[in-house]
1. Out of the stretch B:110-154, which residues are within 19 Å of residue B:186 (Cβ to Cβ), within 14 Å of chain A (Cβ to nearest Cβ) and surrounded by fewer than 19 Cβ atoms within 10 Å (Cβ to Cβ)?
2. I'd like to know if the stretch A:46-69 contains one or more residues that are within 14 Å of chain B (Cβ to nearest Cβ), touching a helix residue (DSSP H, G or I) at 6+ places or on another chain (Cβ under 7 Å), surrounded by fewer than 20 Cβ atoms within 10 Å (Cβ to Cβ) and in contact (Cβ under 8 Å) with a residue 40 or more places away in the chain.
3. For the stretch B:155-187, give me each residue that is more than 21 Å from residue B:51 (Cα to Cα) and surrounded by 22 or more Cβ atoms within 10 Å (Cβ to Cβ).
4. Which one is farthest from the other protein chains (Cβ to nearest Cβ) among residues in the stretch A:111-129 that are without any contact (Cβ under 8 Å) to a residue 40 or more places away in the chain and crowded, with 20+ Cβ neighbours inside 10 Å?
5. Exactly one of these conditions fails for residue B:21: (1) within 20 Å of residue B:204 (Cα to Cα); (2) modelled with pLDDT under 90. Give me its number.
6. List the helices (runs of 4 or more DSSP H) inside the stretch A:39-107, counting only whole elements, that have at least 3 residues being touching a strand residue (DSSP E or B) at 6+ places or on another chain (Cβ under 7 Å) and at pLDDT 95 or above.
7. Go through (1) in a strand (DSSP E or B); (2) more than 29 Å from the chain's Cα centre (by Cα) for residue B:309 and report which single condition fails.
């Protein structure tokens, strides 16, 4: 294989990592608080706000129900407004982030749901404020579940970022489609798939390790 | 120290029936007072309202009506913020311990102090003696998952005491523990009550708990406090039927099954009364049975007997069949009653032919 080809593969790999990193970090920063909000505003929870909870739930469901490929195209004007272009890795990171936010939020909500309500009750009996309950009880107790949620999200982002290749997003998916699929180059196709597999394995192992380290259940 | 005035709690159920919201009363007009330094037990069957009652004391459940006063402060009238402040003065322990799984023993005990905003150094100096008090000084850096049930409850006790509360609420604190561990936890609670002068309110369904550490006991049934007494009195002479049921169940003093089947409610032509006798104080020491035989001329067949000591008091219980002619057995019953015995006629059995 030519060194130009190798360079192309390396560049595509870094592009994929870049897109996953950007969208992963931003969606975690937004998605985790949103997941907490979804949980604590439920009826009977520490900041019960049934109306807000209902609205947030609907918005989250809408976000989750739009197929990624459609979302990507549909928000092109928004993407352009945000990053000034609708092609390239930065442009692909926008729909990836938008899609990942409700995804993480629901997973985090689920992780919080696993917490024994008795722990919240115990904290309340000690005079904890809702804010203290979130910071000192809910988030630390759901730490393992949140790491699991982030791992699932990152892995999903790796595969979604490959889809972004279809609209000129760059990265391994883009490379696979253009060189492997369109030009019938099975070697390139196999290499991109192999790199994606290794990447997913790597993220999953790292995630599992963090979950094990952080959870003392 | 703890005072509940006319406290009622009604739960509104989801869904309506005939256009009206369905409600379930959990507590009905409860008046209740625990003086400082006392260990007060509330006993009742499950679903009687025990949990609701204890949760109303620190307002984990807000009463529908009535007022709750702890240490002279009316909690029901406080703002959220002031209530959180007041809760620092009340510790609570739970049936399932409710320790944070991702915090070490030390950090679990530190939690209430962190919530109060205490500086780290001060927290450290306060926790070490607490862990020593509950006998877990060597477990400070372990996680709850590594501890046994009894150890977890000890951590929970240390945590509840960390803010130096005046009141400790125990919600079925020993119900998930084996009898031996229960004993050691109760001993610890008694010790704390003694050393720190802490007022303890506990709810339980176990008479053993009431018997071994409570000073006073309330009996709750269907959301109402039906009986309240000193523990010694409650165990010797419960005033309500439910109280007697609890006691009999605890003492396991029931006539043999074969006899129960033969028991008839009304005396017949040829029957003997079967009685339950409870005697305390001096009566325990007196040779009543042999006197009965001598002075009333009836024979006494003892079916079951037990002597229990309940907080420096002795309680004797006996189930016996009084054998003799009807007028003699009547005389015997009068004799027993005149000697300060509590006599309950359980029924009558046919004389063996």
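The values are calculated or read from the model by the stated rules, or taken from the named source; none is laboratory data. The shown structure was predicted, so the numbers you read here are calculated from the model rather than taken from an experiment. Counting neighbours? That spans all protein chains shown, and the Cβs are built from the backbone with ideal geometry, glycine included.
1. Once the filter is applied, which keeps residues that are within 19 Å of residue B:186 (Cβ to Cβ), within 14 Å of chain A (Cβ to nearest Cβ) and surrounded by fewer than 19 Cβ atoms within 10 Å (Cβ to Cβ), the stretch B:110-154 yields only B:147.
2. Yes, that holds for at least one residue.
3. Across the stretch B:155-187, the qualifying residues are B:155, B:158, B:162.
4. A:123
5. (1)
6. Output list is empty.
7. Every condition holds for residue B:309 apart from (2).
Okay, residues lined up against (1) in contact (Cβ under 8 Å) with a residue 12 or more places away in the chain; (2) within 23 Å of residue A:140 (Cβ to Cβ); (3) touching a strand residue (DSSP E or B) at 6+ places or on another chain (Cβ under 6 Å):
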| residue | (1), (2), (3) |
| --- | --- |
| B:103 | yes, yes, no |
| B:106 | yes, yes, no |
| B:117 | no, yes, no |
| B:120 | no, yes, no |
| B:133 | yes, no, no |
| B:165 | yes, no, yes |
| B:182 | yes, no, no |
| B:192 | yes, no, no |
